[in-house]
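First up is the structure itself, then whatever we jot down about it.
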Amino acid sequence: MTDGDAEPALHEAVVETAENIATMETRGAATIADAAAAALADQAAASDAESPAAFRAELRAAARELHDTRPTAVSLPNALRFVLQGTEGDTVADLRSSAITAAESFREDLDRAQDRLGRVGANRLQDGDVVMTHCHSTDALACIEAALEQGKELEAIVKETRPRKQGHITARQLREWEVPVTLIVDNAARRYLDDADHVLVGADSIAADGSVINKIGTSGLAVNARDRGTPITVAAQTLKLHPDTLTGHTVEIEDRDVREVLSVEEQREITGDDADEELVVENPAFDVTPPRYVDAIVTEHGQFPPESIVTLMRELYGAGVDDPWDD
Ligand code: RI2
């Protein structure tokens with residue numbers, strides 16, 4: 001790691017964490033944020049920068065590497081911003097210790113926020129409820145865990161969630177908690193809404209107008225739930241509030257590798273060739289659910305009607321934010 005013009009060397013923990021986030025080895029908005037903060041702390045701890053400017057440049061470069069992995073979950077830039085803004089001091093030693101402290105306190109806050117949010121969300125669930133889930137969200141599961149701790153008995157209808165089937169992770173967790181699970185393909189959701197008392201999902205980002213950006217398929221589920229009269233709750237700690245949307249920016253929706261949808265072998269079965277440009281396959285990872293289809297957003301600060309989330313967003317982020325990892 002040098003003080004010169006060369007791009008600062010990245011700690012292997014940063015490179016590995018970035019790779020794991022990009023490939024979804026590490027996934028889920030809160031988990032991604034936690035891993036990114038930990039990687040920045042590793043970078044800070046191992047830095048041999050010889051000047052405060054070099055140290056700051058190094059941390060910014062690490063943050064950029066982590067930032068450029070996945071575009072939609074705002075928890076990632078929010079985590080990086082928290083650590084970079086907490087990195088203060090006039091010496092390398094002070095910068096290093098403040099960066100590590102900021103990362104540690106971010107990670108502790110994350111756990112605490114999820115516990116608090118879980119207790120709020122649990123209050124929305126009644127003893128005997130059947131809860132339908134989509135994808136795998138640790139914030140949503142925190143609500144179920146807290147409800148179980150309150151002594152409520154729940155059952156779950158778990159949507160498989162194509163193409164990556166994160167519903168299996170949800171099913172595994174729920175079975176560990178001994179919750180009876182019915183696993184269904186995504187296409188069966190409307191039919192099974194008749195058996196559900198509640199739809200509970202997480203979020204990757206929440207926009208200032210209360211729109212919920214979550215795993216592809218959430219918006220269709222929400223529209224169907226509204227049609228069926230099934231309440232839909234979004235569990236999202238405030239880390240998921242997207243401050244850029246306060247100033248009119250939209251949330252970028254990640255397009256992932258189409259091979260998650262259609263393997264080369266499957267494509268050959270359709271086209272006889274794996275290079276038919278006239279067969280278009282698309283794989284957007286997220287969609288946007290308008291606020292009118294959501295009953296409540298549950299955060300560690302309590303529950304909010306989606307339309308009023310902007311008030312909380314302003315309180316937490318002011319008029320907007322900048323990106324401290326940019327040079
Ligand atoms: P938690 C996931 O995205 C899902 O969309 C999930 O609802 C959301 O992150 C929030 O997860 P992906 O990483 O933060 O699977 O609640 O694409 O764990």
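The values are calculated or read from the model by the stated rules, or taken from the named source; none is laboratory data. Values in this document were obtained by computation on a predicted structure and should not be read as measured data. Neighbour counts run over all protein chains shown; Cβ positions are idealised from the backbone, glycine included. Remember, those area values only see protein heavy atoms, side chains included, never the ligands or the DNA or RNA. Shrake-Rupley method; radii C 1.70, N 1.55, O 1.52, S 1.80 Å.
Assorted remarks:
- Between E7 and N187, the FRET efficiency estimated from the beta carbon spacing at R0 = 35 angstrom works out to 0.15.
- 17 Å Cα-Cα reach of K240 towards lysines, excluding residues that sit fewer than 8 places from it in its own chain: K215
- Efficiency of FRET between D195 and I270 - r from beta-carbon atoms, R0 41 angstrom, step 0.05: 0.70
- The range 42-131: GluC sites (Glu not before Pro) falling in loop per DSSP and having at most 16 other Cβ within 10 Å: E50, E88
- In summary, the aspartates and glutamates within cross-link reach of K165, defined as a Cα separation below 16 angstrom excluding same-chain residues under 8 places away, comprise E25, D186, D257, E260.
- Extension gain from W177 to T250, taking 0.36 nm per residue of separation minus the Cα-Cα distance: 22.5 nm
- C-alpha center-to-center spacing [the range 178-235, the range 43-116] in angstrom: 34 Å
- Rolling a 1.4 angstrom probe over the range 117-265 with all protein chains present gives an accessible area of which 43% lies on carbon and sulfur atoms.
- Protein heavy-atom accessible surface, 1.4 Å probe, per residue over the chain: 46 Å².
- Karplus-derived HN-Hα couplings along the range 295-305 (A = 6.51, B = -1.76, C = 1.60, θ = phi - 60°), whole Hz, x at Gly and Pro: 7, 7, 9, 9, 10, 6, 9, x, 9, 9, x
- Residues whose placed amide H lies under 5 Å from that of N214, excluding near-sequence neighbours: D204, D287, T289
- Using alpha-carbon coordinates, inclination of helix 218-228 to the longest axis of the chain, degrees: 30 degrees
- For the pair E50 and T311, the difference between a 0.36 nm per residue extended length and the Cα-Cα distance amounts to 89.6 nm.
- Remark: spin-label model distance D115-V280 equals 5.0 nm, labels positioned 7 Å along the Cα→Cβ axis.
- Degrees, to the nearest 10: 92-122 long Cα axis against longest axis of the chain: 10 degrees
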